[in-house]
Amino acid sequence: MHFIIAFFLVQFAQQAMLHTDKLPKWANFFKYARFYVFALLAIYYIAKQPEMFTWVWNLSLLGLLWVFHKEDDFKSFRSAYQSVVPFVGVSMVSDIFELIFPKFHKSYDEIFGMAVLFAWIFCFVIWFYARKQQKVLAQERRDRLRDEEIAREQKQSLEYLVAERTQELTRQKEELQKAIEELRATQNQLIQSEKMASLGELTAGIAHEIQNPLNFVNNFSEVSVELCQELEEEIDKTGIDENDKDYIKGIISDLSQNQQKITHHGKRADSIVKGMLQHSRASSGEKEPVEVNALADEYMRLAYHGLRAKDKEFNAALVTDFDPTIGTVNVLPQDLGRVFLNLFTNAFYAVAEKKRKLTEAGQLGEYKPEVKISTKKFDNKLYIRVSDNGTGMPEHVKAKIFQPFFTTKPTGQGTGLGLSMSYDIITNGHGGVLEVDTVEGEKTEFRITIPIA
């Protein structure tokens, strides 16, 4: 009986901890306890001294009960190991009476045997119900773990769906915001384009109004030069003293020079007004023989002085490298003028912006803004290069630079139509090529290639 109780008590304890994380801690204890129980059983049959081994078995069971009671890890099957206490108690009482009162024990030997037997049966009855309860608890634990796993999977699935939906809503929100910003930018650009169109009409009106008085200034200055020559001839016919004649001729010469300067600058103003008129009105669509070098030089200086009018402190080196053998080329003068004006305006803006950034960073050093234009005629083609040492462009900007409404300038300073219009003029209007080569932070060069007959 003692062996069976001890063996099943160890087995029951191990089974109770089977589905817990505490089993590895007590694995060696259960193994050695089973070895100890089998060793006692072997010694019992070899020694054949049942009286002595009853005490050994009882003390061994008390040791097991003490270990299970002392350690908190065995609380889950407390009722099971406590059911062994009556068996151990009755067995020890029987042994004590047998040792101290052998006659009394012998007289009531059957009663003591029945008490031990009932205590032994009581242990297994308690273990049976405890085992049944353990199975129920284990099933409940498995059900709970399965429910927790299902709940965790559902939670993860819901979190994934929520995250996916949130990401989709965020993307839609960003797309809507981007669309709104593009619409606003387009609206501002259209408004700016309308303003520029109105400004072109106003410029044309002003230029027409200036044209008349300017013609009078030029005509009368030329007439005044002729009158000075006639006056000088008439003085020679008079009898005035030679010294007085020389003095009067000197005054007439100065007056004639002044009139010639008025004529020169008047013609210069007249060419500017004509350029303004050509730029403000739509292209006729017919090519004309034009001195490209002079046209480029004129628009280069117009763009430079236009920026100087906004920023008096701005200065830049204007470098020209014209091929004198070009002569006149059949082009659309108004359209090509627009191209030059756009390219030069962008170039001057780039060098001015780079100078501003370097100045703010305290790294201006020896930087000098420079805009250069070069022309070359070769193999029935006209090559024009407009370059600057300004801010340059990154690759993603370079890829979109000729797209309509794309601009790198702040709102109100660019419509995003200049380079797009220039590209269209060169490629469609002249059958040529407009390319850009740039290094971010260092330089930009626009290359125009136009076929000529």
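The values are calculated or read from the model by the stated rules, or taken from the named source; none is laboratory data. Please read all numbers here as calculations on a predicted model, not as lab measurements. For neighbour counting, all protein chains shown are included, and Cβ atoms are generated from backbone atoms with ideal geometry for every residue, glycine included. The area values use the complete protein model at the heavy-atom level, side chains included, leaving out ligands, DNA and RNA. Shrake-Rupley method; radii C 1.70, N 1.55, O 1.52, S 1.80 Å.
Structure data summary
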{"read-out": "Packing rank of 433-440, 146-153, 180-187, 28-35, where each peptide gets the mean count of other beta carbons within 10 Å, highest leading", "value": "433-440, 28-35, 180-187, 146-153"}
{"read-out": "Long-range HN-HN contacts of residue 436 with modeled amide H, under 5 Å", "value": "447"}
{"read-out": "Solvent-accessible surface (1.4 angstrom probe) belonging to residue 110, in square angstrom, nearest 10", "value": "150"}
{"read-out": "Residues whose placed amide H lies under 5 Å from that of residue 322, excluding near-sequence neighbours", "value": "375"}
{"read-out": "Potential extension, residue 380-residue 264 segment - 0.36 nm per residue separation minus Cα distance", "value": "38.3 nm"}
{"read-out": "Phi to ³J(HN,Hα) by Karplus 6.51 cos²θ - 1.76 cosθ + 1.60 over region 374-390, Hz, x for Gly, Pro", "value": "9, 10, 8, 10, 7, 6, 6, 9, 9, 10, 10, 10, 10, 10, 8, 10, x"}
{"read-out": "Greater than 24 Å apart at Cα, pairs in 25/135; 267/381; 354/381", "value": "267/381; 354/381"}
{"read-out": "Length released on extending from residue 251 to residue 160, taking residue separation times 0.36 nm less the Cα-Cα span", "value": "23.1 nm"}
{"read-out": "For peptides 389-400, 334-345, sequence by mean Cβ density within 10 Å, most packed first", "value": "334-345, 389-400"}
